[in-house]
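In what follows, a structure is listed as structure tokens, so that the remarks can point back to it.
The values are calculated or read from the model by the stated rules, or taken from the named source; none is laboratory data. Nothing here was measured: the structure is a model prediction, and the numbers come from that model. No Cβ is skipped: glycine too gets one built from the backbone with ideal geometry, and neighbour counts run over all protein chains shown.
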Amino acid sequence: MKVRLASKRDVATDICEFEWVSIDGSPLPPFTAGAHIDVHVSDVLVRQYSLCNAPSETHRYCVGVLRDPASRGGSVGMHALAVGAMLEISAPRNHFPLAEHAEHSILLAGGIGVTPILCMAEALSASDASFEVHYCTREPARMGFRERFARDDLAAKTHLYFDNEGGRADLDAILAQPCGGKHLYVCGPAGFIDAVVSRAAAARWPEGNVHREYFAAPGQTDADDDKPFQVKLLSSGRVIDVKAGETLVAALAAQGVDVQTSCEQGVCGTCLTRVVDGTPDHRDVYLTDEERAANDQMLPCCSRSKSAMLVLDL
Ligand code: FES
């Protein structure tokens, strides 16, 4: 759907909040806390951004974007947009939903990972649920949405940590007492998420109670390690060669088989495909460890094959 940039404001150093509204003033599709939209920043750039306004609002979508010159162009392109700009977005999708009926929720945000976490905290607060927020940034100037965290209902439950003041979060203490009714949510840079997830595993959190949302895939495996393999299409029996250094979706597209993609980094889940036979070499950050171990689905935008042949439900 096409939307218009109604406003744009700085909320912290290098972080800007963008407010999108429908072109004709009609209500936007509803969403739940943790949802994201795909933003077509340009003809060739699609990026996922978490919604950070209240899910009860249908007149706008707000996203917070960190300007990252080292990114592949999405955040720089977003920051260059002027109020009034019109572009395409997807309807909201939620791969990071709050668990229903949790006894207690621990929300952990690193840097710009705060956007879905803020939305979740406000949703939990609105339903009088038990929760706590831990928000880690490099320095106070990089803390976004300060005024919303300062509200009475969030301030008492929010713990702030600033690296430049030596205020590291004590993950072992925060994660010390897992139980079946407690859920953990983490969003931020890959290193931050990995640290939290590994500390949670060490503290014996049930995997199903640990929820994570990546913004970008951690470092990809060196393409020099890639091996060629073949993929067989279940529908037609056609066999297609995938060369070393070529992605599976690119090999398929070259043979006229289109798989819908968005992030092309194994983050968003758009290209999720069922695996009928063979063993994928999972390189995404979308599937859980359990889902990966089942080897019955994969993200062909980034993942490859450990077996000589993969049979896919295409
Ligand atoms: Fe996003 Fe494949 S396109 S996971």
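Based on this model, can you work out whether V133 counts as in contact with a Leu (Cβ under 6 Å, 6 or more places away or on another chain) and either of a type in the set (S, T, Y) or within 19 Å of P206 (Cα to Cα) (or both)? So V133 does not fit the description; no. Just wondering, is there one or more residues in region 94-114 that are assigned to a loop (DSSP other than H, G, I, E, B), modelled with pLDDT under 95 and surrounded by fewer than 13 Cβ atoms within 10 Å (Cβ to Cβ)? Within region 94-114, one or more residues are assigned to a loop (DSSP other than H, G, I, E, B), modelled with pLDDT under 95 and surrounded by fewer than 13 Cβ atoms within 10 Å (Cβ to Cβ).
Anything in region 73-88 that is touching a residue at least 12 places away in the same chain (Cβ under 8 Å) and on the phi < 0 side of the Ramachandran plot? List them, or say none.
G74, S75, G77, M78, H79, L81, A82, V83, A85, M86, L87, E88
Of the residues making up region 285-308, those that are in contact (Cβ under 8 Å) with a residue 40 or more places away in the chain and more than 6 Å from the ligand (Cβ to nearest atom) are V285, T288, D289, E290, P300, C302, S303, R304, S305, S307, A308.
Scanning region 277-304 for residues that are out of contact with any helix residue (DSSP H, G or I) (no Cβ under 8 Å at 6 or more places or on another chain), of a type in the set (D, E, K, R), part of a strand (DSSP E or B) and surrounded by 14 or more Cβ atoms within 10 Å (Cβ to Cβ) yields a single hit, D281.
Got at least one residue in region 133-145 being without any contact (Cβ under 8 Å) to a residue 60 or more places away in the chain, closer than 22 Å to E100 by Cβ and assigned to a strand (DSSP E or B)? Looking through region 133-145, at least one residue is without any contact (Cβ under 8 Å) to a residue 60 or more places away in the chain, closer than 22 Å to E100 by Cβ and assigned to a strand (DSSP E or B). Yes or no: D284 at pLDDT 95 or above and over 19 Å from P228 (Cβ atoms)? So D284 fails the test. Scanning region 39-60 for residues that are within 21 Å of A82 (Cβ to Cβ), more than 17 Å from the chain's Cα centre (by Cα) and of a type in the set (S, T, Y) yields a single hit, S42. Does T247 qualify as being touching a residue at least 24 places away in the same chain (Cβ under 8 Å), within 14 Å of the ligand (Cβ to nearest atom) and in contact with a Leu (Cβ under 6 Å, 6 or more places away or on another chain)? So T247 fails the test.
Within region 18-63, the set of residues being part of a strand (DSSP E or B), of a type in the set (S, T, N, Q) and within 15 Å of C119 (Cβ to Cβ) comprises Q48, S50. Of the strands (runs of 3 or more DSSP E) contained entirely in region 158-257, those carrying at least 2 residues that are within 20 Å of S307 (Cα to Cα) fall at 229-233, 239-242. Note on region 163-204: residues that are surrounded by 12 or more Cβ atoms within 10 Å (Cβ to Cβ) and under 15 Å from G113 (Cβ atoms) total 16. Answer yes or no: is there a residue in region 213-225 that is modelled with pLDDT of 90 or more and among the β-branched types (V, I, T). No, every residue in region 213-225 fails to be modelled with pLDDT of 90 or more and among the β-branched types (V, I, T).
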